[in-house]
Amino acid sequence: MSNKRTLFWNVDTQEDFIDQSGKLYVQGAEEIRPILKQITDFAKAEGIRVINTCDYHHIYSSELSSVPDFETSFPQHCLAGTSGAEFISETLPESPLLIDWDSELAIFAEFDDPVGFRNLVIRKDAFDVFAGNPHAEKILQILHPDQVFVYGVSTNVCVDKAVMGLSERGIKVYVFEDAIKELPNLPLPFGTWKEAGIEMIPFTHVKKYL
Ligand SMILES: [Zn+2]
């Protein structure tokens with residue numbers, strides 16, 4: 001294995017998006033469950049750090065609406081404390097450092113040493129983790145990865161925000177093309193990703209990059 005600092009970036013693989021009875025079910029998302037499990041197991045076996053982002057809303061969150069347009073606003077989902085906000089079993093982070101968006105991290109000694117944790121959970125109250133959690137930027141600075149492998153849901157909303165957000169911060173980004181799923185009503189971001197130098201690879205090729 002090389003000395004590259006590598007992160008896996010697990011985007012919003014939560015019950016409300018992936019379970020067919022979820023509040024904002026992404027059509028077909030259950031198809032990627034087996035590969036998500038493989039990715040989680042591989043990261044554990046190889047000791048790869050995983051950043052797990054998750055939507056964590058309250059009823060007044062700005063992206064929630066009773067009359068959603070399904071582009072910038074969505075019906076209630078991933079409400080704090082509900083089972084829909086939990087990660088699915090295939091991606092459940094083991095012993096994570098939890099970075100909530102409303103906590104004052106100065107009081108958490110663990111925040112001084114996020115590298116002591118293989119799994120980090122970053123809760124967010126927006127599509128974009130860098131907009132939806134005031135600590136995400138700092139965490140990324142501390143971990144300063146050379147390359148990040150992104151996967152999860154949904155391709156054309158939160159995965160896109162993560163991919164572009166990481167790329168704009170000067171990080172080499174790969175997307176596991178067989179471990180993402182899109183919302184059907186929105187355009188796909190693949191052209192934009194390609195222009196930005198983001199590479200889509202099958203998960204099974206990951207070993208070539210480590
Ligand atoms: Zn949301």
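Tabulated results
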| read-out | value |
| --- | --- |
| From the options LEU183, LEU166, residue that is within 16 Å of the ligand (Cβ to nearest atom) and either open to solvent by 30 Å² or more (accessible area, probe 1.4 Å) or within 16 Å of the chain's Cα centre (by Cα) (or both) | LEU183 |
| The one condition in (1) open to solvent by 70 Å² or more (accessible area, probe 1.4 Å); (2) in contact (Cβ under 8 Å) with a residue 12 or more places away in the chain; (3) among the polar types (S, T, N, Q) that ASN119 fails to fulfil | (1) |
| Selection from the range 65-98 of residues that are open to solvent by 50 Å² or more (accessible area, probe 1.4 Å) and part of a strand (DSSP E or B) | LEU98 |
| Boolean, SER83 is within 15 Å of the ligand (Cβ to nearest atom) and touching a residue at least 40 places away in the same chain (Cβ under 8 Å) | no |
| Single residue of the range 45-79 satisfying the filter (more than 17 Å from the chain's Cα centre (by Cα) and charged (D, E, K, R)) that is nearest to the ligand (Cβ to nearest atom) | GLU63 |
| Per-region count, the range 123-151, residues more than 13 Å from the ligand (Cβ to nearest atom) and not aliphatic (A, V, I, L, M) | 12 |
| Unique match (being more than 16 Å from the ligand (Cβ to nearest atom), in a helix (DSSP H, G or I) and either of a type outside the set (Ser, Thr, Tyr) or closer than 23 Å to ASN156 by Cα (or both)) among LEU36, LEU120 | LEU36 |
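Quick grid of which residues meet (1) touching a strand residue (DSSP E or B) at 6+ places or on another chain (Cβ under 9 Å); (2) on the phi < 0 side of the Ramachandran plot:
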{"site": "THR13", "(1), (2)": "yes, yes"}
{"site": "PHE17", "(1), (2)": "yes, yes"}
{"site": "SER21", "(1), (2)": "no, yes"}
{"site": "TYR25", "(1), (2)": "no, yes"}
{"site": "ILE32", "(1), (2)": "yes, yes"}
{"site": "LEU36", "(1), (2)": "yes, yes"}
{"site": "THR40", "(1), (2)": "yes, yes"}
{"site": "GLY47", "(1), (2)": "no, no"}
{"site": "TYR56", "(1), (2)": "yes, yes"}
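The values are calculated or read from the model by the stated rules, or taken from the named source; none is laboratory data. Treat the numbers as computed from the prediction; the structure is a model and nothing was measured. All Cβ positions, even for glycine, are placed from backbone atoms using ideal geometry, and neighbour counts span all protein chains on display. In case anyone asks, the SASA skips ligands and DNA or RNA and just uses the protein heavy atoms, side chains included. Shrake-Rupley method; radii C 1.70, N 1.55, O 1.52, S 1.80 Å.
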